[in-house]
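One structure below.
The values are calculated or read from the model by the stated rules, or taken from the named source; none is laboratory data. These numbers were taken from a predicted model, which means no experiment stands behind them. No Cβ is skipped: glycine too gets one built from the backbone with ideal geometry, and neighbour counts run over all protein chains shown.
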Amino acid sequence: MKKRSAKKAEPSARMKRPSVEVRALRPSDWPALEALFGARGACGGCWCMAWRLERAAWEAGRGEGHRRAFKRLVEREQALGAIALADDCPEGRAVGWCSVGPRADFVALEAKRSLATDWDERTWSVTCFFVAKDWRKCGLGKRLLEVAVALAKEHHATRLEGYPVLPPKAGGELPAAFAWTGLPRVFERCGFKPLAKTPGKRPIYVRALARR
């Protein structure tokens, strides 16, 4: 008697991804965000603190110190951003993150002469993206940035800045570890325009928001 072979899954079934909700971060999202960042704190023990501290303070707190500090900010609603949650578990599994907030909150920006602009108190900044490895190149960057724009509008920002990294001149993909501030094409797809004149070679993208 012949053994019946197990029916192979259809290719479309194997490739099907769970649906993803992209929305503003909530304090209750901390466990999901912590799991997304993992043991490395996204990259090199940063825990999304690189732009929030002066260099010496950032080096001193790298790793666990930054994890605790960022956790406090999230739970106190002092860290704003967009989070992408896949629905393949009851609580939602975080697969993407985008940090946004008032430019004044990101003190390390002032130390970068190449990122100097004529900003004011209603200028906001998009400072970083982090997307799970198996969710990259799926359009999540644009969706995260769209929510970041909406957050800035809700808080009455009149200008939103981004500081993407240019892709290699020779072509090819930029390693994810170097693309954490985003890529120009993502900002362009969300209505941002590059400044014609910048203090350095680093591009600065800006989107004007409606005044209220």
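Can you report the number of residues in segment 48-74 which are of a type in the set (Asp, Glu) and closer than 22 Å to PRO27 by Cα?
Of the residues in segment 48-74, 1 are of a type in the set (Asp, Glu) and closer than 22 Å to PRO27 by Cα.
Residues to consider are GLY141, GLY92; find the one that is at positive phi and small (Gly, Ala, Ser). Before you say what the answer is, go through the steps one by one.
Details: GLY141 fails: at positive phi.
The unique qualifying residue is GLY92.
Which of the residues belonging to segment 1-43 are basic (Lys, Arg) and either under 20 Å from GLU77 (Cα atoms) or at pLDDT below 50 (or both)? Even if it seems obvious, please write down each step before you answer.
So in segment 1-43, the residues basic (Lys, Arg) come out as 2-4, 7-8, 14, 16-17, 23, 26, 40.
Selection gives LYS2, LYS3, ARG4, LYS7, LYS8, ARG14, ARG23, ARG26.
Look through segment 11-69, keep the residues that are aromatic (Phe, Trp, Tyr) and more than 15 Å from ALA132 (Cβ to Cβ), and return whichever of them is surrounded by the most Cβ atoms within 10 Å (Cβ to Cβ).
Here is the first cut: in segment 11-69, the ones aromatic (Phe, Trp, Tyr) are 30, 37, 47, 51, 58.
From what's left, more than 15 Å from ALA132 (Cβ to Cβ): 30, 47, 51, 58.
Values: TRP30: 18, TRP47: 26, TRP51: 23, TRP58: 18.
Taking the candidates together, the pick is TRP47.
Where residues in segment 138-152 are out of contact with any Lys or Arg (no Cβ under 6 Å at 6 or more places or on another chain) and charged (D, E, K, R), which of them is surrounded by the most Cβ atoms within 10 Å (Cβ to Cβ)?
Top of the filtered list is ARG143.
Suppose we filter segment 96-148 for residues that are in a helix (DSSP H, G or I), more than 20 Å from ALA24 (Cβ to Cβ) and touching a helix residue (DSSP H, G or I) at 6+ places or on another chain (Cβ under 6 Å); how many remain?
Summing the residues that are in a helix (DSSP H, G or I), more than 20 Å from ALA24 (Cβ to Cβ) and touching a helix residue (DSSP H, G or I) at 6+ places or on another chain (Cβ under 6 Å) in segment 96-148 gives 2.
Among the residues of segment 108-125, is any under 21 Å from ARG185 (Cα atoms), in contact with a Pro (Cβ under 6 Å, 6 or more places away or on another chain) and crowded, with 21+ Cβ neighbours inside 10 Å?
yes
So which residues in segment 189-211 are among the small types (Gly, Ala, Ser) and touching a strand residue (DSSP E or B) at 6+ places or on another chain (Cβ under 7 Å), if there are any at all? Give the derivation first.
Within segment 189-211, the subset among the small types (Gly, Ala, Ser) is 191, 196, 200, 208, 210.
Across segment 189-211, the qualifying residues are GLY191, ALA208.
Give the residue, chosen from ARG40, ARG68, ARG52, that is without any contact (Cβ under 8 Å) to a residue 60 or more places away in the chain and either more than 19 Å from THR127 (Cα to Cα) or in a strand (DSSP E or B) (or both). Don't jump to the end; show me each part of the working.
Numbers: ARG40 fails: either more than 19 Å from THR127 (Cα to Cα) or in a strand (DSSP E or B) (or both); ARG52 fails: either more than 19 Å from THR127 (Cα to Cα) or in a strand (DSSP E or B) (or both).
Result: ARG68 is the single residue among ARG40, ARG68, ARG52 that is without any contact (Cβ under 8 Å) to a residue 60 or more places away in the chain and either more than 19 Å from THR127 (Cα to Cα) or in a strand (DSSP E or B) (or both).
Would you mention how many residues in segment 156-166 are modelled with pLDDT of 95 or more and either loosely packed, with under 15 Cβ neighbours inside 10 Å or touching a Cys at 6+ places or on another chain (Cβ under 8 Å) (or both)?
Here is the first cut: in segment 156-166, the residues modelled with pLDDT of 95 or more are 156-164.
Among the residues that remain, those that are also either loosely packed, with under 15 Cβ neighbours inside 10 Å or touching a Cys at 6+ places or on another chain (Cβ under 8 Å) (or both) are: 156.
So the count comes out to 1.
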